[in-house]
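The values are calculated or read from the model by the stated rules, or taken from the named source; none is laboratory data. Predicted, not measured: the structure shown is a model, and the values here were computed from it. Ideal geometry is used to build each Cβ from the backbone, glycine not excepted, and the neighbour counts take in all protein chains shown.
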Amino acid sequence: MNPFEMMKNLGSMKEQLQQAQAKLDDITATGSSGGNMVKITMNGHFEIEDIELDPICVDNRDVPMLQDLIKAAHHAALTNLQDKIKNEMGPMFANLNIPGMS
């Protein structure tokens, strides 16, 4: 891309980035593990908003299993969130040639 052309488009790019930032506030995704025994919901800023634990998985004799379920649910939520962001915001960045967003 021509640097002078890019400079002309900076205002438009700034506006698109502000729209993207605002859209991240509204995006959430949930991941689960253990047949929905553990659920984690994350927002578009990759922050955990909610953790739900089925009482059946809270066994003080098997804490490592619960830890593994939480890690798996977090990974699932992260993957789902990345996919959702890419699907919802990818078209917004298609013209900017940002790696991984087109």
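Laid out as a table, the results:
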item	result
Pairs, first part of a loop (DSSP other than H, G, I, E, B) in the stretch 11-36, second charged (D, E, K, R), C-beta under 9 Å, six or more apart	I27/K84; I27/E88; G34/D54; G34/D68; G35/D54; N36/E52; N36/D54
Candidate set: the stretch 37-47, residues that are over 10 Å from the mean Cα position of the chain (by Cα) and part of a strand (DSSP E or B); chosen: the one nearest to K86 (Cα to Cα)	I40
Filter pass, D50 being over 30 Å from E5 (Cβ atoms), assigned to a strand (DSSP E or B) and at pLDDT 90 or above	yes
